[in-house]
Amino acid sequence: MDHYLDIRLLPDADFAAPVLLNALYAKLHRVLAAQQRRDIGASFPGYALAAPSGNGKTVPPTLGDTLRLHGSAAALDGLMAANWLAGMRDHVTLGHILPVPAAANLVRVQRKQVKSNPAKERQRLMRRKGISEAEALRLIPDDKAKWLDLPYLTLTSQSTGQRFLLFIAQQAATQAAVGEFNAYALSQTATLPAW
């Protein structure tokens, strides 16, 4: 991961930044899945968790307005040779493929999942164990739903066609680690440079 490419969202009167980032990331997911790439990672330079603001309200968590892609120069060139940004070019500023700065820190960018849909969990339990709906509701009441206070993207899986929330945790790392990236450009083990 010695090179990077920044894709920055442009301000838009019609679409909020999270909507544009969802569309951009969906396009990235489609091209990574189609090309079966495992050598491209993604990070978010504007990533921030929820925080109190000066007016007593809480600022929601955000991924920011920049998607940073990581990989070798050849991997990034290969990705960008595909016309995957079609339809987004009016909404983004595309940077150049550049070497990672020497003084970069490290981050780990991972997907986080929780059981946030008790109804779906009950259906699964009823299928697996053959129990009644009432028993499933007793075992998994609605108040068992969990929510992560992390920024997320709303995506559709290329393999299942299901829409879901992709919660993203981006945390500083102290030791470099290699690993494979999935079709969402995320890895449970690999670190990426950050500055």
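Taking every residue in segment 110-129 that is under 22 Å from Leu153 (Cα atoms) and pairing it with any residue that is exposed (fewer than 14 other Cβ atoms within 10 Å of the Cβ) and of a type in the set (Val, Ile, Thr), at least 6 positions away or on another chain, the pairs with Cβ-Cβ distances below 9 Å are Gln110/Thr189. Sort out which residues of segment 47-72 are surrounded by fewer than 16 Cβ atoms within 10 Å (Cβ to Cβ) and assigned to a loop (DSSP other than H, G, I, E, B), and write them in order of number. Selection gives Leu49, Ala50, Ser53, Gly54, Asn55, Gly56, Lys57, Pro60, Ser72. Just to verify a result, which residue in segment 153-166, among those that are within 26 Å of Met1 (Cβ to Cβ) and modelled with pLDDT under 95, is farthest from the chain's Cα centre (by Cα)? Of everything passing the filter in segment 153-166, Ser159 is farthest from the chain's Cα centre (by Cα).
Here Gly56, Gly71, Gly46 are screened, and the one residue that is in contact with a Gly (Cβ under 8 Å, 6 or more places away or on another chain) and without any contact (Cβ under 8 Å) to a residue 24 or more places away in the chain is Gly46. Got a number for residues in segment 14-46 being under 11 Å from the mean Cα position of the chain (by Cα) and more than 12 Å from Leu153 (Cβ to Cβ)? Summing the residues that are under 11 Å from the mean Cα position of the chain (by Cα) and more than 12 Å from Leu153 (Cβ to Cβ) in segment 14-46 gives 2.
List the strands (runs of 3 or more DSSP E) inside segment 92-195, counting only whole elements, that have at least 1 residues being open to solvent by 60 Å² or more (accessible area, probe 1.4 Å), aromatic (Phe, Trp, Tyr) and within 25 Å of His29 (Cα to Cα).
Here the list reads 152-156.
The values are calculated or read from the model by the stated rules, or taken from the named source; none is laboratory data. All values reported here derive from a predicted model rather than from experimental measurement. A quick note on method: Cβ atoms are made from the backbone with ideal geometry, for glycine too, and the neighbour counts reach across all protein chains shown. Surface areas here come from the heavy atoms of the whole protein model, side chains and all, with no ligands, DNA or RNA. Shrake-Rupley method; radii C 1.70, N 1.55, O 1.52, S 1.80 Å.
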